[in-house]
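The block underneath contains the structure these notes are about, expressed in structure tokens.
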Amino acid sequence: MAKKGSSKLNIAIIHPDLGIGGAERLIVDAAVELASHGHNVHVFTAHHDKNRCFEETISGTFPVTVYGAFLPRHIFYHLHALCAYLRCLFVALCMLVMWPSFDVILADQVSIVIPLLKLKKSTKVLFYCHFPDLLLAQHTTILRRIYRKPIDFIEEMTTGIADKILVNSKFTESMFAKTFKRLDAQGVRPAILYPAVNVNQFDEPTNSYKLNFLSINRFEKKKNIDLAILAFSMLRTLGGDVLQDLNLAEASLTIAGKFLLSYLPGYIEGCFMLISGFDKRLKENVEYLEELRSLAEREGVSSQVNFITSCSTAERNALLSQCLCVLYTPKDEHFGIVSLEAMAAHKPVIACNSGGPVETVKNGVTGFLCEGNSREFSLAMAKLIQDPQMAQRMGTEARKHVTESFSTKIFGQNLNQYLVDVARTKRD
């Protein structure tokens with residue numbers, strides 16, 4: 001039964017690749033929450049590796065159907081956008097031909113499917129824009145600019161066809177208006193629906209924590225993981241000025257982005273862990289991992305770093321429970337779900353003072369917002385090393401903040417209302 005105040009809807013969700021990134025986390029949360037509101041939810045995708053996915057996608061809460069897994073993700077490591085378009089169009093076409101009509105279709109990331117989905121007049125389409133792809137793509141050469149020109153144009157035109165557009169933050173809302181000038185001139189205004197985190201998955205903190213800093217990210221250059229290594233390396237040099245009179249011989253640093261650093265000479269003996277999402281199919285993941293290993297070598301901390309390329313949700317949660325703080329290094333990040341996960345786990349966050357974290361992290365209350373350089377990050381880290389009780393207080397405030405503003409329950413209620421409203425316009 002649908003929950004009181006809403007009607008039962010048949011909802012399809014189309015997502016390009018059902019992996020383990022932030023966009024995938026949002027899609028999974030959307031499917032789970034909409035199903036909990038009594039709707040029939042079906043997820044369609046071009047790729048779903050049951051060994052590398054969120055547990056909910058294989059638990060039976062909602063069905064997942066894959067079409068087009070045989071289609072290439074790239075052509076000799078080029079034409080990624082074109083291949084993504086073709087894969088998603090194939091998914092949408094198969095869905096339209098092989099399945100009955102849906103009341104509402106939720107699509108994200110690839111907007112080119114919207115005109116195809118709108119061929120069925122009775123179907124409404126809601127598009128979730130994580131960030132304009134135009135701004136994520138490289139336009140560095142003449143050939144790239146020629147290649148991207150029609151793709152960028154298509155992105156704007158097809159996005160505007162959706163019955164409702166949602167974005168993940170005020171920052172993305174502002175970039176949407178600056179990027180899609182035609183849509184902005186036409187009065188197209190997206191609504192903001194913040195991603196969320198399931199706070200119930202995290203246990204109450206214990207007093208047996210370690211002085212670890214954790215950083216969780218995918219192995220992509222835009223995630224700026226270099227900053228975590230450089231900040232850790234610089235933290236060692238702060239010892240004489242900042243960490244004086246501290247006995248931290250048995251302490252450790254854990255940075256979850258997906259590697260592990262250990263040992264601050266003279267002050268900290270332990271580990272620094274960086275846990276990042278890693279996909280060996282992606283050339284950038286493979287190359288960036290090697291670059292980070294080389295950086296750790298140059299900084300003299302390679303023997304203290306352990307790169308973790310994958311871990312389960314339970315393993316991630318265990319790492320969060322053991323750390324003092326989470327470092328979130330991307331600059332101008334559209335939203336940053338990791339910050340919410342950290343705060344939900346009662347941990348403060350050190351993040352760049354730009355993009356989505358500005359809207360989620362309360363500076364000086366639930367963590368620190370810093371300029372994106374290694375010295376600022378290392379100074380913030382040193383504050384928490386000097387005063388672990390501060391980290392505990394911040395963690396308590398962080399959990400309260402996420403529960404009140406960014407829980408999956410609130411996310412589900414808001415998303416459900418958007419979908420019900422869009423479906424109602426169809427009936428009216």
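Below, the figures for the structure above:
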| quantity | calculated |
| --- | --- |
| Residue that is nearest to the chain's Cα centre (by Cα), among those in region 66-100 that are in a loop (DSSP other than H, G, I, E, B) and under 10 Å from A46 (Cβ atoms) | R73 |
| Test set (1) open to solvent by 70 Å² or more (accessible area, probe 1.4 Å); (2) under 21 Å from the mean Cα position of the chain (by Cα); (3) closer than 19 Å to T237 by Cβ - C370 fails condition number | (1) |
| Out of R424, R399, sole residue that is among the basic types (K, R), in a helix (DSSP H, G or I) and surrounded by 15 or more Cβ atoms within 10 Å (Cβ to Cβ) | R399 |
| Residue match in region 375-389 (condition: touching a His at 6+ places or on another chain (Cβ under 8 Å) and farther than 15 Å from K223 by Cβ) | no |
| Qualifying positions in region 105-119 - open to solvent by 10 Å² or more (accessible area, probe 1.4 Å) and in a helix (DSSP H, G or I) | P115, L116 |
| Any hit, region 373-390, residues being within 27 Å of D29 (Cα to Cα) and open to solvent by less than 20 Å² (accessible area, probe 1.4 Å) | no |
| Test: residue in region 174-191 that is under 28 Å from S378 (Cα atoms) and either surrounded by 13 or more Cβ atoms within 10 Å (Cβ to Cβ) or within 18 Å of the chain's Cα centre (by Cα) (or both) | no |
| Top-ranked residue of region 289-322 - restricted to ones that are part of a helix (DSSP H, G or I) and small (G, A, S), ranked as least open to solvent (accessible area, probe 1.4 Å) | A296 |
| Pick from region 9-25, criterion more than 16 Å from G68 (Cα to Cα) and open to solvent by 10 Å² or more (accessible area, probe 1.4 Å), ranking: nearest to the chain's Cα centre (by Cα) | G22 |
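The values are calculated or read from the model by the stated rules, or taken from the named source; none is laboratory data. Since the model is a prediction, treat every value here as computed from it, not as a measurement. Counting neighbours? That spans all protein chains shown, and the Cβs are built from the backbone with ideal geometry, glycine included. Heavy atoms of the whole protein, side chains included, go into the accessibility calculation; ligands, DNA and RNA do not. Shrake-Rupley method; radii C 1.70, N 1.55, O 1.52, S 1.80 Å.
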